[in-house]
Amino acid sequence: MELRKLEHEISQLSMLYKVTSRRPIIHNSNHEGIASISKLLDWKELRDAVGKQHHSTSPNGKGNAIDNDNNEDEHDSSSSSSSSSNDNENLHFISANELLSTLQSLKLDIEKIQKSIQKFRERLHMKDPVTGANRYGDKTLNRVVQLLDTYELLSFGIDYAFGLKLQPSPSSSTLPLPSPSSSSQQDNSNMNCSTCDNTTSLVDILQQSIQTEEEYKQKRKEDEKATELRLEAQRKQEDEALQQELKRKEEEQILKEQQEREELSRRAEEARTQRIENELSALAQEQEVDRSLLASVEVGINGVKAQIEILKENCEKEEANVALRALHTIFSQIYSKPEEINFRRIRRDHPRFMDNIGKHQGGVQFFLAAGWRFVEVDGVKCIFSKEPDLETEMDQWSNWYDSIKDTIQVLNEEISKL
């Protein structure tokens with residue numbers, strides 16, 4: 001059970017090593033591979049490095065289990081060669097950081113099983129004290145030899161990557177470790193190895209690469225920060241320039257609007273002045289027309305009769321009848337309620353007044369002959385009959401009231417003739 005478990009562990013570690021050794025190394029900062037400087041030895045290179053090409057015999061004298069493993073490697077190499085282009089396409093690049101982490105993990109795992117490997121190595125040459133035969137049978141012996149060979153290859157590959165190289169024993173095809181009494185056994189981390197020459201190891205290169213990558217990232221971060229600050233300063237400068245331009249345009253717009261308001265105000269004042277002048281002129285003309293009209297009319301009962309004749313001469317009989325009856329209604333209302341001012345004030349532009357009386361020649365003149373005058377009430381032009389004060393102007397009031405009565409009598413006579 002122990003051998004099977006150890007074989008499984010060694011198989012997993014060797015598979016991880018083989019896969020890792022085939023993955024191209026990439027340096028992220030400049031995207032240039034560092035495999036040309038140093039790389040992880042592949043499985044065949046490991047065998048060449050530890051002298052596995054020599055044909056020595058296993059302890060059972062029946063051939064070398066390494067040859068079998070070699071044949072498997074050659075088969076793997078042949079298969080790999082036939083599909084190398086596909087493998088390159090399928091394999092992903094491995095970063096320096098990832099590769100270093102994998103190597104450290106492999107190193108720790110190899111050290112963990114070192115004691116178990118040592119046990120199998122010691123038992124490999126043990127003999128049965130009675131029969132003198134090897135302790136292991138041929139099948140088990142070959143399994144142990146292959147296990148030890150694979151372990152040695154892994155150890156050598158990892159030590160080589162860390163700047164150490166194994167010194168294989170020339171008397172054994174399985175590269176047995178020194179006995180526990182060896183002075184090198186005191187340091188398990190350097191067991192059966194010696195320090196390499198001054199050549200930089202893969203691990204050193206990876207660490208340098210990682211450091212370079214960190215420095216590159218830091219520099220890029222600083223450059224990005226500097227660029228950001230420069231862009232921020234540029235944006236701030238552009239914003240200030242934009243604000244100044246907006247302020248200038250705003251001031252120009254305010255000045256322009258102020259000038260436009262002043263111009264509109266000036267034109268409005270000119271228009272208002274002209275309108276007032278026109279209104280005053282029109283008012284003066286209207287007043288002059290009204291004065292002329294008033295001056296042309298005879299005031300009194302004779303003037304009333306004269307205007308009735310003019311009205312009848314300038315309109316149809318039916319229109320004259322409507323006009324006379326409308327006049328009769330107005331004066332009758334005043335006569336019945338002389339104190340009611342609404343009866344004594346008529347809008348000159350009132351539609352009904354204009355349709356019945358005002359549009360006919362002699363219509364407005366009739367009121368002027370009856371003593372009415374042109375007035376303006378709240379901006380509205382009217383004709384108005386002023387009632388004298390009954391208390392202070394009794395005689396004038398009596399004459400005014402009698403004139404209304406006389407006008408009604410004249411209207412009655414004229415209406416009866418139609």
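The values are calculated or read from the model by the stated rules, or taken from the named source; none is laboratory data. Worth saying up front: this structure is predicted, and the values here are computed from it rather than measured. Cβ atoms come from the backbone with ideal geometry, glycine included; neighbour counts cover every protein chain shown. Surface accessibility is based on the protein's heavy atoms, side chains included, excluding ligands, DNA and RNA. Shrake-Rupley method; radii C 1.70, N 1.55, O 1.52, S 1.80 Å.
Could you list, in sequence order, the residues of the stretch 1-19 that are of a type in the set (Val, Ile, Thr) and crowded, with 18+ Cβ neighbours inside 10 Å? Write out each step before concluding.
Quick first cut of the stretch 1-19, residues of a type in the set (Val, Ile, Thr) only: 10, 19.
Answer for the stretch 1-19, where residues must be of a type in the set (Val, Ile, Thr) and crowded, with 18+ Cβ neighbours inside 10 Å: just ILE10.
Out of all the residues in the stretch 369-384, is one or more surrounded by fewer than 18 Cβ atoms within 10 Å (Cβ to Cβ) and either part of a helix (DSSP H, G or I) or of a type in the set (Ser, Thr, Tyr) (or both)?
Narrowing the stretch 369-384 to residues surrounded by fewer than 18 Cβ atoms within 10 Å (Cβ to Cβ): 371, 373, 375-381, 384.
Filter again for either part of a helix (DSSP H, G or I) or of a type in the set (Ser, Thr, Tyr) (or both), leaving none.
No, every residue in the stretch 369-384 fails to be surrounded by fewer than 18 Cβ atoms within 10 Å (Cβ to Cβ) and either part of a helix (DSSP H, G or I) or of a type in the set (Ser, Thr, Tyr) (or both).
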- request: Determine whether the stretch 212-230 contains at least one residue that is out of contact with any helix residue (DSSP H, G or I) (no Cβ under 7 Å at 6 or more places or on another chain), open to solvent by 90 Å² or more (accessible area, probe 1.4 Å), modelled with pLDDT under 95 and under 30 Å from LEU164 (Cα atoms).
  value: yes
field: Some residue of the stretch 193-203 being modelled with pLDDT of 85 or more and not aromatic (Phe, Trp, Tyr)
entry: yes
- request: Any chance you could count how many residues in the stretch 297-333 are in contact with an Asp or Glu (Cβ under 6 Å, 6 or more places away or on another chain) and open to solvent by less than 40 Å² (accessible area, probe 1.4 Å)?
  value: 2
- prompt: Which ones in the stretch 15-58 are within 47 Å of the chain's Cα centre (by Cα) and modelled with pLDDT of 50 or more?
  reply: VAL19, THR20, ARG22, ARG23, PRO24, ILE25, ILE26, HIS27, ASN28
- request: State the number of residues belonging to the stretch 394-417 that are open to solvent by 70 Å² or more (accessible area, probe 1.4 Å) and of a type outside the set (D, E, K, R).
  value: 6
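Condition check: closer than 18 Å to GLU286 by Cα, assigned to a helix (DSSP H, G or I) and open to solvent by less than 40 Å² (accessible area, probe 1.4 Å). Does PHE353 satisfy that?
no
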- request: Please enumerate the residues belonging to the stretch 282-332 that are of a type in the set (Ser, Thr, Tyr) and within 21 Å of SER416 (Cβ to Cβ).
  value: THR329, SER332
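Give ASP87, ASP73, ASP67, ASP149 a once-over and let me know the one that is open to solvent by less than 30 Å² (accessible area, probe 1.4 Å) and modelled with pLDDT under 80. Step through it out loud before you land on a result.
Details: ASP87 fails: open to solvent by less than 30 Å² (accessible area, probe 1.4 Å); ASP67 fails: open to solvent by less than 30 Å² (accessible area, probe 1.4 Å); ASP149 fails: modelled with pLDDT under 80.
Result: ASP73 is the single residue among ASP87, ASP73, ASP67, ASP149 that is open to solvent by less than 30 Å² (accessible area, probe 1.4 Å) and modelled with pLDDT under 80.
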task: Kindly check whether there is at least one residue in the stretch 334-348 that is open to solvent by 80 Å² or more (accessible area, probe 1.4 Å) and under 17 Å from VAL299 (Cα atoms).
output: no
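For (1) outside any helix (DSSP H, G or I); (2) more than 30 Å from LEU368 (Cβ to Cβ); (3) among the charged types (D, E, K, R); (4) touching a residue at least 24 places away in the same chain (Cβ under 8 Å), each residue gets a yes or a no:
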| residue | (1), (2), (3), (4) |
| --- | --- |
| GLU238 | no, yes, yes, no |
| LEU242 | no, yes, no, no |
| LEU246 | no, yes, no, no |
| GLN253 | no, yes, no, no |
| GLU279 | no, no, yes, no |
| GLN285 | no, no, no, no |
| VAL289 | no, no, no, no |
| GLY303 | no, no, no, yes |
| ALA306 | no, no, no, yes |
field: Qualifying residue in the stretch 122-144 (condition: modelled with pLDDT of 90 or more, surrounded by 13 or more Cβ atoms within 10 Å (Cβ to Cβ) and acidic (Asp, Glu))
entry: no
